[in-house]
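Reviewing the structure listed below.
The values are calculated or read from the model by the stated rules, or taken from the named source; none is laboratory data. Remember, it's a predicted structure, so these values are computed and weren't measured experimentally. Heads up, the Cβs are rebuilt from the backbone with ideal geometry, glycines too, and the neighbour counts pull from every protein chain shown. With ligands, DNA and RNA removed, areas are computed over all heavy atoms of the protein, side chains included. Shrake-Rupley method; radii C 1.70, N 1.55, O 1.52, S 1.80 Å.
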Amino acid sequence: MRKRYVLGIDLGGTNIRGAAVGAKGGILARLTLPTDSSKGRERVLENLSRVIKALSRKFSSKEFDLLGVGIGAAGGIQQREGIISQSPNIPQLDGFNLREHLEKKHGFPFFLENDANCGALGERWVGAGKGVNDLGLITLGTGVGGGIILEGKLWQGIDGTAGEVGHMTVNSEGPECRCGSRGCLEVYSSATAIVRRLKEEVSRGEKTQLVGKQGKRLDRVTSRDIHQAALAGDRLSRRLLREMGRYLGIGIANLINLLNLELVILGGGVAEAWEFFVPTLKKEVQQRAFRVPARRVKVLRSRLGANAGFLGAASLAWQRATEERGYEG
Ligand SMILES: [Zn+2]
């Protein structure tokens, strides 16, 4: 029998990460190319096709059988239609029928899903959520993404837009969010939010070793710098990370009261500052959530990191392609 495999692709704003993946989640080959999203839609599509071609050609002999390609991308994904909408990273693809375009060009079945949803699928398949049926993944990056798996299945909602944990309101009077609402978790717990909070505090006269004579220009500070400063003992940076953890804890308390999740996985760059925000996060969860789900829930760091997206996209392709072909994956 021919050896079956799929491609999993994480179509990000900066990079396209792709891999050929076996039935048990083993990575057979991988390739990362820049997205070049500033160079327009045609360039993005070209780069995407280069990744697909290069990975599928590696296994083009008669011994291998490519079942399908899973793609995770930021934004609202209309799975049935194959359309990406409101993509914050690649606005050039807004409203574009990506699936139709790719299927015509390459001749394989394609499956699209939101990137954080793919992350949740990936962590459940071969990462921190292996064997867990009720889990949430929260990615703390430029924005705050979310994916929820209930009873072993990705929870998509009627339009496929479910799981936007980053846009639950945690403070009704909070700052405006890019989604049009205000006080969303994203405006408190993303990398962007932490940097914004630092700027606010410095402009109010708060002191930090990060900026000034030995430090950086305020407009160059990143969330990673804030984490580094916290490690070096900077009080303001530590306070901002505690504050970020507090809002994240409020969000997680809401989530587990609603869904009684067994596990919440935290990924994305800001999760690196774990030791500084997890104590306040846990305190909020214990204070706000019902006792039984609060005691039960585990909060863990992502195990797959930047690989979660393409591995989850691959697991989606395995699942859907084998369903369509009518045999076991
Ligand atoms: Zn929002």
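Quick rundown of the values:
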| quantity | calculated |
| --- | --- |
| For the chain, built as a Gaussian network whose Cα springs stay under 10 Å, the top-fluctuating residue of Thr280, Thr139, Thr208 | Thr208 |
| Restraint check, Lys3/Lys53; Lys39/Lys104; Lys130/Lys153; Lys24/Lys53; Lys3/Lys105, Cα-Cα greater than 20 Å | Lys39/Lys104; Lys24/Lys53; Lys3/Lys105 |
| The chain: most fluctuating residue of Val221, Val51, Val285 per GNM, C-alpha cutoff 10 Å | Val221 |
| Within the accessible area of segment 198-329 (1.4 Å probe), percent carbon and sulfur | 45 percent |
| Segment 94-185 - percent of accessible surface contributed by carbon and sulfur, probe 1.4 Å | 45 percent |
| Sequence-distant residues sharing a close amide H with Thr35 (under 5 Å, placed H) | Asn15, Ile16 |
| Surface share of carbon and sulfur [accessible, 1.4 angstrom probe, percent] for segment 1-47 | 47 percent |
| The chain, accessible area per residue, ligands and nucleic acids excluded (1.4 Å, Å²) | 48 Å² |
| The chain: angle of helix 115-126 to the longest principal axis, Cα-based, in degrees nearest 10 | 80 degrees |
| Neighbourhood charge, 15 Å Cβ-Cβ cut-off, centred on Gly13 and excluding it, Lys, Arg +1 and Asp, Glu -1 | +1 |
| Tensor-based shape of segment 22-129 (alpha-carbon gyration tensor, a/c under 1.5 rounded, otherwise prolate or oblate) | oblate |
| In degrees, nearest ten, helix 308-325 long axis to first principal axis of the chain (Cα) | 40 degrees |
| Eligible lysines near Lys207 by straight Cα distance, threshold 19 Å, same-chain separation 8 or greater | Lys199, Lys216 |
| In Hz, Karplus ³J(HN,Hα) per residue of segment 82-98 (6.51, -1.76, 1.60; θ = phi - 60°; x = Gly, Pro) | x, 9, 9, 10, 6, 6, x, 8, 10, x, 5, 9, 4, x, 7, 7, 5 |
| Ranked by how many other beta carbons lie within 10 Å on average, peptides 170-181, 226-237 from highest | 226-237, 170-181 |
| Acute angle (nearest 10 degrees) that the helix 191-203 long axis makes with the longest principal axis of the chain, alpha-carbon atoms | 20 degrees |
| For the chain, built as a Gaussian network whose Cα springs stay under 10 Å, the top-fluctuating residue of Ala271, Ala74, Ala29 | Ala29 |
| Inter-centroid distance (Cα atoms) of segment 121-175 relative to segment 213-276, Å | 18 Å |
| Accessible-area order (highest first, 1.4 angstrom probe) of the listed residues Met244, Met168, Met1 | Met1, Met168, Met244 |
